Every structure is written in C-alpha cells, then in structure tokens.
Amino acid sequence: MQQAKIAVAGATGRLGRHVVGVLGAAGHKVVPISRSAGVDVITGDGLAEALTGAAAIIDVTAGPGSGQRAATGFFTAAARNLQQAGERAGVARYVLVSIIGIQKSTGGYGSAKLAHEQAVLAGPVPARILRVAQFHELVGVLMDRGRRGEVIYLPQMRTQIIAARTVAGALAAMATSSQAEFAAARAAGSAGAPVPELAGPREENLASLARLIAARRGDQARIEEVTAADPDSQAAADGSLLPGPHARLAGPTFQEWLATQPDSGSAG
C-alpha cells in the first residue's frame, strides 16, 4: 500500500504511540483515535469524521481493567462501532492486536480479548488479527504496581516477551500490505491456518526480568512471585502465554532493549 490515511484506535497507549510513530516515519497520514483527540470508540463521538478517507484501521485499544465483564463490554462495543463506522466510511481493512494463548482461556481478560477478536471478525470490514506476547515495557509497570514498601510482588509468569516497537512495526506492515497479500492471509485463516503470532526471541521469567530492572535502578526491594486462582494468573504461570510453533520470533531481547532505555527501564 502506498502512503495512505490510517486510523489508529488507542493511539495514545503504550503500543499505540509506537504504531503512530512507525506509520508516520513511513510517510502515512495517521489519524489518532482516542478520547484525548476527541474521538470515542464507545460512544461513537467523532468516529465518522476520523475515519473519512481512511484506508485502514489498526485497533490497539486496551480494556478498562482486568475484569472479564467490563473488558468484554468495552471491546465488543468498540469493535462494533469501529466496524460500522468503518464500513460507512469505506475503510478497506481492519487490523487488531491480540494476545498469544487466549484461545485456551477459561475466563478473565483473556476471554474478553477472545470476544474482541470474534466481534472484529464478525464485522463488515475485512479484518486480520496478530496475537503477540507481553511487552518489555510492561515489566517496570508491574513492578511499580506491585510495590508494597520494600517488597515488590509480581505474578508468576512465563513469557516470550517482546518490544512494543517491534509489534508496532508488524501491525503497520500488516495494515499496509498489498491487497493480494492481505486477501490471501484472510483466506488462509478461513481455511483453518493458525492466527499469526509474534513473540520475542526466547522464554523469560517475569521476576528475573524485574530483578534486572531493579539492579539498574539501584532498587534494593525484594521481588517475590505470587500466584492466584483466577484464569489470567493461571495462564501466566502455566505457560499458556507462550507462542506456538508457528509463531514468528523477533528481537530485541529484553536485555538488549533495557540497555537502550534512558532510566528505569519502564519507558514506553
């Protein structure tokens, strides 16, 4: 696809900022879809104007929390509104980021994302999905969230963690691929091919990565792993979030990425 107008839903988020940057660097006209830009995917306010003339939608919206009901309601409403407004505006394709392993989910946020996928695929605008691993940037966020005095509590997690910038590049490539490539990939999916996956170069343990950040910060806090009985925690602990054999693996490694960060290692 030559230089085009592309709408990015969730443009101000941890991943969305990178998607905007990648597309802009390639010469595309980027339309940010976010409440701060005056566009609301839930109420539909501003969607018609934002999507006018757009060739594609890249959906990297994040749910309002980890609760299954609230997240499902958000994702399905957003997908429905984007699909309907996209059809009216003549948008040709829709690309959605999702999470590796959610097809195994028994509840929680993973099930909400699965509902998100289904809602997008059910819409009139032809869509593709890219399932990805957790982001490098998430480690520092979870550390800050889990701190209790001199102890940092983190979920037990096996992950093949990846840089958000790498994911952004893959989403941009999918959204701007040729019509023949996009159609062929959708046909393969309809014929039973696995959903594309993108993950980092190797399996990592979340607590071990957090200790690398702590060492860089000079943070003496003790890092402890915790497990819970909810479906999302169980999936993180038992390896359900690891990529399948068909996944594409891409760097940088966490250590390589961390070396490029200006301070705490939690920069987006």
key: In sequence order, calculated HN-Hα J values of the range 29-46 (Karplus, 6.51, -1.76, 1.60; Hz; x Gly/Pro)   = 8, 9, 10, x, 10, 7, 4, 5, 8, x, 10, 10, 6, 8, 7, x, 4, x
ask   = Non-local amide H neighbours of Ile99 (under 5 Å, H modeled in plane, Pro and chain starts lacking H): which ones?
value = Val132
ask   = To the nearest 20 debye, what is the magnitude of the charge dipole of the chain about its Cα centre, counting +1 on the Cβ of each Lys and Arg and -1 on the Cβ of each Asp and Glu?
value = 280 debye
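Per DSSP helix of 4 or more residues, -39500 (n - 2.57); summed, then divided by the residues of the chain. What does that give at 222 nm, rounded to the nearest 500?
Numbers: 10 runs with 110 residues, N = 268.
Dividing the helical sum by the residues of the chain leaves -12500 deg cm²/dmol.
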request  = Rank these for me by crowding, His246, His18, His116, His136, going from fewest to most other beta carbons within 10 Å.
outcome  = His246, His18, His116, His136
remark   = Partner aspartates and glutamates whose C-alpha sits under 17 Å from that of Lys104, ignoring same-chain residues fewer than 8 away, are Glu117, Glu197, Asp230, Asp232, Asp238
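Taking the convex hull of the Cα atoms, report for the range 1-121 its projected area averaged over all directions, in nm². Don't skip to the end; give the middle numbers.
Numbers: hull surface 28.2 nm².
Quarter of the Cα hull surface area: 7.1 nm².
Please list 161-171, 194-204 highest first by mean number of surrounding beta-carbon atoms within 10 Å per residue.
Sorting 161-171, 194-204 by mean packing, highest first, produces 161-171, 194-204.
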key: Backbone HN-Hα couplings from phi across the range 183-194 [Karplus 6.51/-1.76/1.60, Hz, Gly and Pro as x]   = 5, 5, 5, 5, 5, 5, x, 5, 8, x, 5, x
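Compute the whole-percent fraction of alpha carbon pairs in the range 172-246 spaced more than 14 Å apart. Let's see the in-between values first.
Values: 2092 of 2775 pairs.
Here the tail beyond 14 Å accounts for 75 percent of pairs.
Multiply the residue gap between Thr52 and Arg248 by 0.36 nm, knock off their C-alpha separation, and tell me the result in nm, one decimal place. Please list the in-between numbers first.
Working: separation 196, 0.36 × 196 = 70.56 nm, distance 3.35 nm.
Separation in residues times 0.36 nm, less the Cα-Cα distance, equals 67.2 nm.
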Cα-based reach from Lys29 at 15 Å (exclusive), listing aspartates and glutamates while leaving out same-chain residues under 8 positions away = Glu49
key: In sequence order, calculated HN-Hα J values of the range 132-140 (Karplus, 6.51, -1.76, 1.60; Hz; x Gly/Pro)   = 10, 7, 5, 8, 3, 4, 6, 4, x
query = Put a dot 7 Å past each Cα toward the Cβ at Ala70 and Asp144; how far apart are the dots in nm?
reply = 1.9 nm
task = Set Lys and Arg Cβ to +1 and Asp and Glu Cβ to -1, take the dipole of the chain about its Cα centre, and tell me which of Leu15, Ser177, Ala236 lies farthest positive.
result = Ser177
task = Between Thr12 and Arg216, with labels modelled 7 Å along Cα→Cβ, what's the label distance in nm to one decimal, could you check?
result = 2.7 nm
note = Computed about the Cα centre, the charge dipole of the range 54-135 from +1 Lys/Arg and -1 Asp/Glu charges at the Cβ has a magnitude in debye, to the nearest 20, of 100 debye
inquiry  = Using only the Cα atoms of the chain, what are the Rg and Dmax in Å?
reply    = 18.4, 55
note = Taking Lys and Arg as +1 and Asp and Glu as -1, residues besides His18 with C-beta under 10 Å from its C-beta add up to +2
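Read the figures in this text as sums done on the coordinates, not as results from a lab. Given the structure is predicted, the values throughout are model-derived calculations rather than measurements. Every residue, glycine among them, receives a Cβ derived from its backbone with ideal geometry; neighbour counts consider all protein chains shown.
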